[in-house]
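Q: I have a structure I would like to understand better, so I am pasting it below and will then ask my questions one at a time.
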Ligand code: DAT
Ligand code: MG
């Protein structure tokens, strides 16, 4: 019984840690997005950031870097056993990416929606992958798939002092009281 209660309290703590800001009834989240090397090479950084900004999401961290193999191995640890893992790692370390921390109400789910399905063949038109991607191995952008993954990935790619919280006046028009 104590183990169950303890596990529950730990889960609550993890959730409260990731829900760092509560504005009215809406829950603000942070997510990790990364414009992959194919999109950088194709000059799509601006297009993609425009979509994120237009949606109302707030960029609170950003960096242009060539990822190390170590970082990508940890980032994609869940795919270590997949047949495409090796190619995935060499693709992501092949050139610069633009990594971002993005904040907003339901930021994780909202950004997965505007990114579209993993395989651009199935991604709807109007989504980033649907509009700019053609194959799964070159699918333009990464977005965290859950609040837990987001927290893990943000900590992997960013130091705390590289993320800036700030209030933007537009938020009064994006969110209800
Ligand atoms: P997502 O990026 O939508 O979270 P994922 O986590 O399943 O998708 O896979 C991570 C990345 O691995 C994905 O963006 C592209 C690559 N990938 C996934 N499935 C693949 C496949 N069948 N063949 C080649 N690459 C694949
Ligand atoms: Mg994924």
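Bear in mind these aren't lab numbers, they're just calculated from the coordinates by the rules spelled out. In this text the structure is predicted, and so the values were computed from the model without any measurement. Heads up, the Cβs are rebuilt from the backbone with ideal geometry, glycines too, and the neighbour counts pull from every protein chain shown.
Q: If each residue's Cβ is checked for other Cβ atoms within 10 Å, how do 54, 42 rank with the fewest at the top? Each step should come with its number before you reach the end.
A: Numbers: 54 9, 42 12.
Result, fewest neighbours first: 54, 42.
Q: Which length gain, in nm to one decimal place, applies between residue 91 and residue 171 when the Cα-Cα distance is subtracted from 0.36 nm times their residue separation?
A: Between residue 91 and residue 171, full extension yields 25.1 nm more.
Q: How big is Rg to Rh over the range 53-145, alpha-carbon atoms, Rh as the Kirkwood inverse-mean-distance radius?
A: Across the range 53-145, the Cα-based Rg/Rh ratio is 0.96.
Q: Another question about this same structure. Give me Rg/Rg_expected for the chain, where Rg uses Cα atoms only and Rg_expected = 2.2 N^0.38 Å with N residues.
A: Taking N as the residue count of the chain, the ratio is 1.08.
Q: Sorted by mean Cβ packing within 10 Å, highest first, what order do the peptides 77-84, 95-102, 134-141 take?
A: With the highest mean Cβ count within 10 Å placed first, the list reads 95-102, 134-141, 77-84.
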